[in-house]
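What follows is one structure encoded as structure tokens, with my remarks underneath.
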Amino acid sequence: SDVIIAVLDSGVDPSHPDLATKLLQGYNFYNNNYDTKDVYGHGTKVAGVAAALTNNLIGVSSISWQCSILPLRVTNTNGYAYYSLLAKALIYAADKGAKVAVISFGIFGGSIISDAAKYFMDKGGLVVAAGGNDNALHSDLDNPYIISVSATTSSDSRASYSSYGPYIDISAPGSGIYTTIRGGSYGSVSGTSFSAPLTAGLIALIFSANPSLTPNQVEQIIESTAMD
């Protein structure tokens with residue numbers, strides 16, 4: 001319960017019944033204030049996949065149901081994120097003690113924010129990013145500081161929309177994922193945007209089980225036990 005998951009996105013709905021008690025004081029890097037309410041809807045969906053309340057008789061369950069959510073808004077009202085704000089948010093999250101940061105955007109190799117991701121890892125955490133949804137092979141090489149996640153379907157195969165290439169580290173379910181929706185409701189969503197927080201939730205759960213593990217050890221545990 002002391003593991004913090006930073007959600008770098010469009011904000012998180014502060015009144016959603018499956019999220020409200022999970023939220024820490026975050027920061028809005030787009031407007032430079034502490035207003036982290038969701039301005040687009042994407043961040044609330046991502047947060048619910050990673051860490052919605054569980055066993056409370058409503059809505060959905062999540063992987064890391066006792067972990068806290070650090071909401072960090074990095075997008076404009078249309079849901080577009082900026083690399084410079086992502087980098088700032090990663091450093092902020094690391095300094096706040098987050099053990100996992102989820103970036104549900106297709107940043108591919110993520111070379112522009114590598115320094116910030118390395119800083120986060122050096123502080124003891126792991127950065128997870130969406131693999132992308134353009135059904136294309138991307139030649140970006142693996143980034144050692146970012147875990148990039150592709151999407152699978154219920155048949156355990158790559159989703160038709162999921163990007164792929166040597167930069168991908170792991171795959172996770174991303175099709176028909178039921179999660180929290182801005183405004184207090186729930187719905188089914190698809191995309192690598194939701195494979196990433198599933199992976200982030202798993203990382204948080206592993207850190208919860210064994211806080212002495214290093215980021216490299218946690219990544220190794222996930223990758224060595226995954227089905228190829």
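Overview of values
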| item | result |
| --- | --- |
| Cα-projected label distance for S208 with D228, points at 7 Å along beta-carbon direction, nm | 3.2 nm |
| Segment 146-188: projected area of the alpha-carbon convex hull, averaged over directions, in nm² | 3.8 nm² |
| Mean ellipticity per residue at 222 nm, deg cm²/dmol - from DSSP H runs of n ≥ 4 across the chain, formula -39500 (n - 2.57) | -8500 deg cm²/dmol |
| Rounded percent of accessible protein surface that carbon and sulfur make up, the chain, 1.4 Å probe | 52 percent |
| Accessible surface, the chain, averaged per residue in Å² (probe 1.4 Å) | 43 Å² |
| Bins of 10 Å, starting at 0 and running to the largest distance - Cα pair percent for segment 89-153 | 23, 52, 21, 4 |
| Separation of alpha-carbon centers, segment 1-57 and segment 63-101, rounded to whole Å | 10 Å |
| Amide proton proximity set for V189, modelled H, under 5 Å, gap of 5+ | G176, I177, Y178, T179 |
| Straight-distance crosslink candidates among lysines, where the alpha carbon sits under 20 Å from K37 and sequence neighbours closer than 8 are dropped | K22, K45, K88, K96 |
| Mean separation of Cα contacts under 8 Å (6+ apart) over length of the chain, as relative contact order % | 22 percent |
| 10 Å-binned pair-distance histogram of segment 94-228 (Cα, whole percent) | 13, 44, 33, 10 |
| Fraction of beta bridges assigned by DSSP in segment 128-228 that are antiparallel (%, nearest 5) | 40 percent |
| Efficiency of FRET between N32 and D2 - r from beta-carbon atoms, R0 30 angstrom, step 0.05 | 0.60 |
| Size of electric dipole in the chain: Cβ of Lys, Arg +1 and of Asp, Glu -1, about Cα centre, debye, nearest 20 | 480 debye |
| Longest to shortest principal axis, alpha-carbon extents of segment 1-56, angstrom | 35, 23, 16 |
| Dipole magnitude of segment 1-84, debye to nearest 20 (Cβ charges: Lys/Arg +1, Asp/Glu -1, about Cα centre) | 60 debye |
| Shape box of the chain [Cα atoms, principal axes, largest first, Å] | 40, 37, 36 |
| Rounded FRET efficiency, nearest 0.05, which uses the C-beta distance separating S15 from N78 and R0 of 30 Å | 0.85 |
| Rounded to the nearest 10 Å², the accessible area of H138 at probe 1.4 Å | 40 Å² |
| Column: log10 I(q)/I(0), Debye, Cα scatterers of segment 1-113, q = 0.23 Å⁻¹ | -1.28 |
| Modelled FRET efficiency - R0 22 Å, L141 with Q220, Cβ distances, 0.05 increments | 0.70 |
| Over segment 35-75: Rg over Rh, Cα atoms, Kirkwood Rh | 0.99 |
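The values are calculated or read from the model by the stated rules, or taken from the named source; none is laboratory data. All values derive from a computational prediction rather than experimental measurement. Here Cβ is always computed from backbone atoms with ideal geometry, including for glycine, and neighbour counts include all displayed protein chains. Quick note on the areas: whole protein, heavy atoms, side chains included, nothing else; ligands and nucleic acids left out. Shrake-Rupley method; radii C 1.70, N 1.55, O 1.52, S 1.80 Å.
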